[in-house]
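The values are calculated or read from the model by the stated rules, or taken from the named source; none is laboratory data. Not measured: the values here are computed from a predicted model. Cβ atoms come from the backbone with ideal geometry, glycine included; neighbour counts cover every protein chain shown.
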Amino acid sequence: MSRAAPGAFQRIVVFALILCVSRGGFPIAASAEASLIAGLDDLADKRIGVLQASVQDLYASEHFPDARISRFLNQADTVTALRADKVDAVIAPYLQLREAQKLDDSLVFLPDKILSVPVGAAFHKENPELRDKFNAFLRQIQADGTLDDLLGRYWDDDNFAMPEIAADTRNGKLNYGVTASIGLPFVSISAGEFVGLEIELARRFAADLEMELVIRDIEFTGLIASLATGKVDMIGGGVAITEERQRQVDFSDPVYEVYSVAMTRRDKADTQAVNRTQYGDETIAPPEASADEGGSEIKGPRFLAKLTDSFYRNIILEQRYLLILHGLCVTVVLSLLALVFGTALGAAVCAARMGKNAPLKRAAKVYIALLRGVPVLVVLMIIYYIVFASVNIDPFFVATIAFGMNFAAYVAEMFRAGIESVDGGQREAGIAGGFTPRQTFWYITLPQAARRILPVYKGEFISLVKMTSVVGYIAVQDLTKAGDIIRSRTMEAFFPLIMVAFLYFLVSWLLTSFLSDLERRVDPRSARTGGAS
């Protein structure tokens, strides 16, 4: 009976995989047609990239049910996927794709604009006063021409320089949620400072209220949830006004309208159809193909020049290395704090798990089972949006608690296994030698258990460091988030991702070296070898 169960389970898994593939629900079953793309109709059976939870996501799902739709967490990834031939086209706001085309002349627009939607600021449903104040502010800047000046500078002139806006902060703080990786002209980060149309608009509004603007960088999919749970007072960053979103939050009057377009690669497009693309009163002529296009060989010096230029634009320009350094510090400090908190909590859970108090023992077992069985990202979101829903707490400390709690579940089992691996005769010998039970544990059991625990503890800590890469979901700008922001500006993947990967490796290697040294110190065999040498 025991031998038949694994076979039955394997058959069920194989059947489920076959069923998934046969219904077209498994990624490896996807195949893209090779026909050229002349317009929107040709996207019906193609691979389409969209920003997850955006109006473009909804549009693509409704209008292209047979297409393979890839949903990305930031706009830069949609363009990166298009350039890498992971998708055949992307659908996004024209103004953002226009910035991408300026950086890569191999990208071309498809005819016809789509999805002209109003955009506004959003507010908590229980704070209509703040929404009314914003609407009054909006009417004022529309009347005096300030809004037209804003739209002209950011949309038409590509002038992204932020003016000085003096503000009296006597009335407290205004917590404002945006997504920096949306990119210009809406929101981005330059030289360590938030810039863009939405940022200037929010700064002017905060100055009008005589409040200090506190900007929270939140993943796009978490903006509405952050506002609905009171983590921020208002959100912006090009959020389209839709009926579904209005059920959860209150929107201001429309600030402006944006329309979306589809973009593809030049080698996938019907060049005659996209030769001149008309959007309303604006005619977009695609840039001429570069001299290297068409498979010509790139010479060594030219390749190095491009590599150097890419490094400059991704790391040096606008002091983007400051984003990397700040993110690195956040990742390291968060990992260390979670380590300390998780180790202490894990020791307490282990003590309850091995104790004689039946209720505490059961509670410890449930805690370990739950935290080990639920993904850490889900734990992070539950603690941020549910446990601390009504508490104004810094998301960095929420992340410390979430990662520490997850780490504690594994630490508790490590400690228990290590302690139970020590021969019971050792404890009996300690008691017989006159030690108290506590002295026996500290001087006999624990040192021997530590030698068995440290190798596993070291590996689990490195996993903790890498797990912190999801902390951007609750508006903490860590190392991974810094790379996302840079990619949103340059639309390049190589240097931001390689730099982030290298720094994660460096942090992991340094911490592993430290713990390995500690492991040698508690191992009497290593101590004897070192002493003899």
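When we screen Phe194, Phe205, Phe251 for residues that are among the aromatic types (Phe, Trp, Tyr), over 18 Å from Leu150 (Cβ atoms) and in contact with a strand residue (DSSP E or B) (Cβ under 9 Å, 6 or more places away or on another chain), the only hit is Phe251. Against the condition more than 28 Å from Ala89 (Cβ to Cβ), modelled with pLDDT of 90 or more and surrounded by fewer than 21 Cβ atoms within 10 Å (Cβ to Cβ), how does Ala207 come out, does it pass? So Ala207 passes the test.
For Ala92, the criteria (1) surrounded by 15 or more Cβ atoms within 10 Å (Cβ to Cβ); (2) small (Gly, Ala, Ser); (3) without any contact (Cβ under 8 Å) to a residue 12 or more places away in the chain hold in every case but one, which is (3).
Taking the criterion of being at pLDDT below 95 and more than 32 Å from the chain's Cα centre (by Cα), would at least one residue in region 407-416 satisfy it? The answer is yes, given that some residue of region 407-416 is at pLDDT below 95 and more than 32 Å from the chain's Cα centre (by Cα).
Pairs are defined by a Cβ separation below 6 Å, a sequence spacing of at least 6 or placement on different chains, a first member in region 188-211 that is closer than 17 Å to Asp132 by Cβ and small (Gly, Ala, Ser), and a second member that is at pLDDT 90 or above and part of a strand (DSSP E or B); the pairs so defined are Ala202/Tyr176; Ala202/Leu213; Ala206/Leu174; Ala206/Leu213. Considering (1) assigned to a loop (DSSP other than H, G, I, E, B); (2) surrounded by fewer than 24 Cβ atoms within 10 Å (Cβ to Cβ), the lone condition that Ile498 does not fulfil carries the number (1). Whenever a residue of region 393-421 is of a type in the set (Lys, Arg), its partners that are part of a helix (DSSP H, G or I) and surrounded by 21 or more Cβ atoms within 10 Å (Cβ to Cβ), lying with C-beta atoms within less than 6 angstrom and at least six residues away or across chains, give the pairs Arg416/Cys350.
Name the single residue that is farthest from the chain's Cα centre (by Cα) among those in region 231-276 being at pLDDT below 85 and surrounded by fewer than 21 Cβ atoms within 10 Å (Cβ to Cβ).
Looking only at region 231-276, we keep the residues that are at pLDDT below 85, and these are 237-238, 244, 270-276.
Pick out the ones that are also surrounded by fewer than 21 Cβ atoms within 10 Å (Cβ to Cβ) and you get 244, 270-273, 275-276.
On the way: Glu244: 24, Asp270: 35, Thr271: 36, Gln272: 39, Ala273: 37, Asn275: 37, Arg276: 36 Å.
Applying the filter and picking the extreme gives Gln272.
Only one entry of Lys125, Lys113 meets the criterion of being touching a residue at least 60 places away in the same chain (Cβ under 8 Å) and either within 30 Å of Gln272 (Cβ to Cβ) or in the same structural domain as Glu99 (by TED's automatic domain parsing) (or both), and that entry is Lys113.
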